[in-house]
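Quick note: the coordinates plus some simple rules give every number you see, no bench work behind them. All values derive from a computational prediction rather than experimental measurement.
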Amino acid sequence: MNGCLYVSPGDRTTLERLVADGKTAQKIAARARIVLLSGSGLGMNAIRRAARVSKPTVWRWQTAYMAGGVERLLNDKGKGERAGKKPIGGDVRLAIVTKTAKEKPAHATHWSARMMAAAMGVGHTTVQRIWKEHGLKPHLTRTFKLSNDPKFAEKVVDVVGLYLNPPDKAVVLCVDEKSQIQALDRTQPGLPMKKGRAATMTHDYKRNGTTTLFAALDAKTGEVIGECLPKHRAKEFIRFLNKIDRVVAKPLSIHAICDNYSTHKTPKVKTWLARHPRFKLHFIPTSSSWLNLVERLFAEITRQKIRRGVFKSVGDLVAAIEAWIENRNAKPKPFKWTAQADTILEKNARARKNMEKVKAGTV
């Protein structure tokens, strides 16, 4: 066939509508376009270039239209059906899903589509389709950590209570330090972003020293009290507590949510707290940094200011951090906590139950 094909006026109207409708499946629109081009008197090469398909594809759908009209274009399954391929049976599908979820390949940590295809005697695209249908993604993993704190429930109730029902005449501060922030300078200047190209940055860098950011996030207002210090010992922590004491209005009591870092519990810190009774420290459970909202603040400053920053000295780094905090405090926005303590404890209990099943080999 040289490309020329008679298309009736009624069929032409139907095909044009299919091509113009954005909801038409791409494969159907492509078939309709081939037939329309063929009916316009174009030669094979012109049709192939306009439709962006191969000659065999043009011949295939010209022949299909001649054999069954528009109906054939809409209902023909394509190459696989004409080649006599049998659909994948339910038992094979179940075997692929089960093997993916329950087993590992002999010489790898997880299945790839081609590994599974070779093991099951099917095509890799079939495996990909079945994985997609069942929401399976063997190439991805998610990390987790369950706290072993014996007072986990007690501490969760305490901290979440401060977020959801803060005490009267008090301020709730999420306190922590982001240590070892490096002042990194790049070995070569990067190129700016432009159309079609991302900004560039050398993978190697020069280390120009470090600083530690002490931060106290007001859980209600989103305002931040911050200070950069060279180290993060008890001495520096007490210095930061003194700054909080100066900044927060005297009539207010201060509830500070902290992690279990040893610096926060030294005898010197306990002595300081005894002399400042308006301060009360609330410790989150071990391995539960997600309970401290200041971690969300640290993630934000890392993403916005530190990770891509170029700093010639520690002084440049400290100035950049202080400027970021000042800008944020100009229009503070709190991070809203919504999870109830009971919900957290239920999820933790389910996770422990599932872990026990894994250990027992029942999952």
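Laid out as a table, the results:
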read-out	value
Projected area, mean over directions - the range 152-341, Cα convex hull, nm²	12.8
Filter on Lys178/Lys347; Lys27/Lys99; Lys151/Lys347 - keep pairs with C-alpha separation over 22 Å	Lys178/Lys347; Lys27/Lys99
Whole-number percent relative contact order across the range 90-134, with pairs defined as alpha carbons under 8 Å at least 6 apart	38
For the range 9-82, radius of gyration divided by Kirkwood radius, i.e. Rg to Rh on alpha-carbons	0.92
Mean separation of Cα contacts under 8 Å (6+ apart) over length of the range 152-341, as relative contact order %	30
Antiparallel DSSP beta bridges within the chain, percent to nearest 5	65
Contact order normalised by residue count of the chain, Cα under 8 Å, 6+ apart, percent	14
Whole-angstrom gap from the range 195-255 to the range 7-59, using each part's C-alpha centre	63
Top of His276, His232, His134 by mean-square fluctuation, Gaussian network on the chain, Cα under 10 Å	His134
